[in-house]
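K.L.:
One structure, as structure tokens, below. Some questions next.
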Amino acid sequence: MIYFDNSSTTSVRTEVCRVYEQLLKSAFANPDAMHRPGRDVHAKMETSRKKIAQMLNRIPDEILFTSSASESNSLAILGYCLAYRNRGNHILTTNVEHASVDHSFSWLESMGFEVQRMPVNEQGILTPDVLNKYIRKDTILVSCMHVNNEMGAINPISQLAEIVHQNPTCVFHADCVQSFTKIDIPWNQLDLATVSMHKIHGLKGSALLIKNHDLKLTPLIQGGQQEQGLRGGTSNAPSNIVAAKTIRLALEEKEESYDRVSKLNSFLRSELMNIPGVHINSPETAIPYILNISFDQITSEVMLNALDQRDICVSAKSTCSSRSANESSTLIHMGLSEKRATHMIRLSFDGNNSLEEGKRFIKICKEILNTYGLSL
């Protein structure tokens, strides 16, 4: 099998599995219990939090354990806006965000907030000029992806954060799910940030919300003292404990993985450009871990299924929206044609993918186009 769908999820690292299995047996006690086993589990969880904070150059109480990036995004956006509504009613995002961000803004809009979705340019990027045009004195939140999950486009979040912070009543939230442990993230410029473990060979049901310690959030899950009173419910201690190891291992392999993926991406771009009717939608400046392409001769669904029959895993659009409308709204918002938006697939890589897999992918693509593709 060739697995080119790492932006959807990754395999769990062997070392992470081994530690997690041990923790399921040894760290089963409730970390909020006052007996010794509970205190021991609580201590392990707090040690993990401290290690994560050190790796991200934050302080421990700025690291919140959550169940998913979707929860982290929702808590950041809803929790902040509900807590600080007295400061203003205007909030900004882009028109190409993950569903968890987009739906959070839609809910706030139904609650009376004034929501504006800023346009991206032809490369899928939110430019500083556009943000400057939209931000106002009563804007209290700006939220955008660091790396677009469909195109791999990289937003200039350092420049965007500088603009946001010129307004003392506004904060900046970045969804860093697709950039975490892959490229550098300016943590000190982010008021709120989201990351996920299952995108970096960790566990599903394990994520983080990083928030400035002086920010208040309105909890979305009521009922307990867990995570500074921001999410009630018994803590998933084994997942939270193993998160530190997951992050450390991913960071240790960051440079080697980036180099390997860059070579694979460059090879595929070069080969695909020589196939008639193929369009590369990801900009040249995109993160190398994501490559979005369209085929004039064949729709997304047919290509995806044909590759699946040959044991090659790819996506069409973001996986969280894969069962909705056929076209990619991201490509449409970038100004690309409806045909390219309905004929696209997304390849996403990690350091385990090889050049040999890339060569086989190209060979099989040509076979599929010869078999199923329409004449140009």
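The values are calculated or read from the model by the stated rules, or taken from the named source; none is laboratory data. Since the structure is predicted, the reported quantities are computational estimates derived from the model, not experimental observations. Neighbour counts run over all protein chains shown; Cβ positions are idealised from the backbone, glycine included. Remember, those area values only see protein heavy atoms, side chains included, never the ligands or the DNA or RNA. Shrake-Rupley method; radii C 1.70, N 1.55, O 1.52, S 1.80 Å.
K.L.:
Which angle from 0 to 90°, rounded to the nearest 10, does the C-alpha axis of helix 355-372 make with the longest principal axis of the chain?
P.N.:
50
K.L.:
I would also like to ask the following. Please turn the phi angles of the stretch 167-182 into ³J(HN,Hα) values with the Karplus equation 6.51 cos²θ - 1.76 cosθ + 1.60 (θ = phi - 60°), one per residue in order, whole Hz, x for glycine and proline.
P.N.:
Per residue, the Karplus-derived 3J(HN,Hα) values read 9, x, 9, 10, 10, 10, 10, 10, 7, 9, 4, 8, 10, 4, 6, 10 Hz.
K.L.:
With a 1.4 Å probe and every protein chain left in place, tell me how much accessible area Asp102 has, in Å² to the nearest 10.
P.N.:
Counting only protein heavy atoms, the figure is 50 Å².
K.L.:
Among the lysines, which fall within straight-line cross-link reach of Lys245, defined as a Cα-Cα distance under 28 Å, with same-chain neighbours fewer than 8 residues apart omitted?
P.N.:
Lys25, Lys44, Lys50, Lys51, Lys182, Lys199, Lys204, Lys211, Lys254, Lys263
K.L.:
From the list [x] 28; [y] 40; [z] 22, can you say which value of percent of Cα pairs over 35 Å apart was derived from the structure given?
P.N.:
This structure yields the entry labelled [x].
K.L.:
Given the rule -39500 (n - 2.57) for each run of at least 4 DSSP H residues, summed and divided by the residues of the chain, what is its mean residue ellipticity at 222 nm, to the nearest 500 deg cm²/dmol?
P.N.:
Per the formula, -12500 deg cm²/dmol.
K.L.:
Okay, moving on. Relative to the longest principal Cα axis of the chain, at what angle does helix 300-309 sit, 0 to 90 degrees, rounded to 10?
P.N.:
The angle comes out at about 90 degrees.
K.L.:
Rank these residues by their accessible area, most exposed first, probe 1.4 Å: Met34, Met197, Met273.
P.N.:
Result, largest first: Met34, Met273, Met197.
K.L.:
When the accessible area of the chain is split by element with a 1.4 Å probe, what percent falls to carbon and sulfur?
P.N.:
Exposed carbon and sulfur together represent 49 percent of the surface.
K.L.:
With axes computed from alpha carbons, what is the tilt in degrees of helix 69-83 against the longest principal axis of the chain, rounded to the nearest 10 within 0 to 90?
P.N.:
The two axes meet at around 50 degrees.
K.L.:
Let me ask something else. Please compute, over every Cα-Cα pair in the stretch 1-97, the percentage with a separation greater than 18 angstrom.
P.N.:
70
K.L.:
Within straight cross-link reach of Lys339, meaning Cα distance under 26 Å, which lysines are found once same-chain residues fewer than 8 apart are removed?
P.N.:
Lys317, Lys363, Lys366
K.L.:
With label points built 7 Å along Cα→Cβ from the Cα atoms of Ser67 and Lys254, find their separation and express it in nm.
P.N.:
The modelled label-to-label distance comes out at 3.0 nm.
K.L.:
Right, something else. Tally Lys and Arg at +1 and Asp and Glu at -1 over the other residues with C-beta under 13 Å from the C-beta of Val142: what net charge comes out?
P.N.:
-2
K.L.:
For the stretch 37-128, what is the accessible area per residue in Å², given a 1.4 Å probe and the full set of protein chains? Don't jump to the answer; show the numbers that get you there.
P.N.:
Numbers: 3630 Å² over 92 residues.
Per-residue accessible area for the stretch 37-128 comes out at 39 Å².
K.L.:
Can you pull the accessible area of Arg49 for me, 1.4 Å probe, Å² to the nearest 10?
P.N.:
20
K.L.:
Would you work out which of Ile183, Pro288, Met303 lies farthest towards the positive end of the dipole of the chain? Charges go on Cβ: Lys and Arg +1, Asp and Glu -1.
P.N.:
Looking along the dipole axis, the top candidate is Ile183.
K.L.:
Ok, one more. Kindly rank 110-118, 68-76 from highest to lowest mean number of other beta carbons found within 10 Å of each residue.
P.N.:
68-76, 110-118
K.L.:
Using the C-alpha gyration tensor of the stretch 93-214, what are the square roots of 5 times its eigenvalues, in whole angstrom, with the largest one first? Let's see the in-between values first.
P.N.:
On the way: eigenvalues 96, 52, 48 Å².
Here the semi-axes work out to 22, 16, 16 Å.
K.L.:
If you don't mind, another one. Apply 1/(1 + (r/R0)^6) to the Cβ-Cβ distance of Gln159 and Ala33, taking R0 = 45 Å, and write down the FRET efficiency to the nearest 0.05. Please report the intermediate quantities before stating the final value.
P.N.:
Values: r = 47 Å, r/R0 = 1.04.
Here the calculated transfer efficiency is 0.45.
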